[in-house]
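Here the structure is laid out as structure tokens; the discussion comes afterwards.
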Amino acid sequence: MSAASQGLDARAAAPDAAPVPGAAASGPLYQRLIELIPGRSRPRAGDYRLTRRNVFMLPTRAGLLFAGVVLTMLVTALNYQLSLGYALTFLVASIAIVGMLHTFRNLAMLTLRPGRAEPVFAGQIAEFTLIARNETKLERFALSLNAAGMAQPEYFDVAAGAEHFVTIALPARRRGWMPLPKLTLTTTYPIGIWRAWARWHPALRVLVHPQPETPAAPLPACVAASGEGSARGQGHEDIAALRPYAAGDSPRLIAWKAIARTASDGLITKQFDGGHLGELTLEWSMLPTSMDTEARLSRLTRWVLDADAAGVRYALALPGVRIPTDTGAPHRARCLEALATFGERSR
């Protein structure tokens, strides 16, 4: 089941949201010093407009080399009293000053807005959608958006009077709420000797579900809807498929004939379709005591997905949390969120 099928919007990050591992301050020293300004590192909700108060500029390495060349030209013109040397030096310097203005204007008056992010499972890539809105009549070129953990920056242009959707892809290493780290929007347009940048920390986060157990263990027994008798979660009428044996499988489900026929080195378990599925309770206490917390959450996540795919009415019981019997996408989302955030405060 893909993460996009969960249909759960990302929520605004709480002030005490846990930081993303590895999302420490990064970038040049002057950027990290600016982050020490009080109030600049807190997550911001809503639109973030770039003005002269939050857009910073410094020369690039090419700009420093350019400044050295201009200084050399000026010293030479002074030493030899070259009138044309003065003219050329001031002409080149004026190009740098005009370039600084255009570099700043390429970022100024842009409006950044947090979008949304679909839930993912641990180990997958979380994608955050952000919006860059250009309300001016000037087109913006060669913008770069980067964050700690990204494989490479995201480059884009924004047409005049238009919006551009930017996707930030970050690895989701652990379950729970994953906040979006600080972003850096930069540009060196048009001549590359000035670098303008702005730091933005949007209040946006995504829910990371526990990684489902693989291979999947069979669903536990279901209680008939009438309350009498029981039925296996996988049915017992028709064999649907064969899969590798998983710890906890009943010995009665092992396909001994298939093992002998294929001369397989490992055990193979039968899966069935059909039969009355009834109602199912997925309980923390029914799992083996040898399993640790993350392994239990992984198995319960797999059971929630399998029960939802089979159309079974199911309930989820965790220590301190019980979600009553129901079915459907909203119920699945509630169960997966409870599993993802289990024990989060204590971590």
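What follows is calculated from the coordinates using simple rules that are stated; it is not laboratory data. All values derive from a computational prediction rather than experimental measurement. A quick note on method: Cβ atoms are made from the backbone with ideal geometry, for glycine too, and the neighbour counts reach across all protein chains shown.
Give the peptides 107-113, 183-189, 47-53, 132-138 in descending order of average Cβ contacts within 10 Å, highest first.
183-189, 107-113, 132-138, 47-53
What is the spin-label model distance, in nm, from residue 142 to residue 327 if the labels are put 7 Å beyond Cα along the C-beta direction?
Reported label-point gap for residue 142 and residue 327 is 5.9 nm.
What spacing in nm lies between the two simple spin-label points modelled at residue 155 and residue 90, each 7 Å away from Cα in the Cβ direction?
It works out to 3.7 nm between the two label points.
Going by average Cβ density within 10 Å per residue, which order do the peptides 287-296, 210-219, 61-70 take, highest to lowest?
210-219, 61-70, 287-296
Subtract the Cα-Cα distance of residue 62 and residue 135 from 0.36 nm times their separation in residues, and report this length gain in nm to one decimal.
The span from residue 62 to residue 135 would gain 23.2 nm if fully extended.
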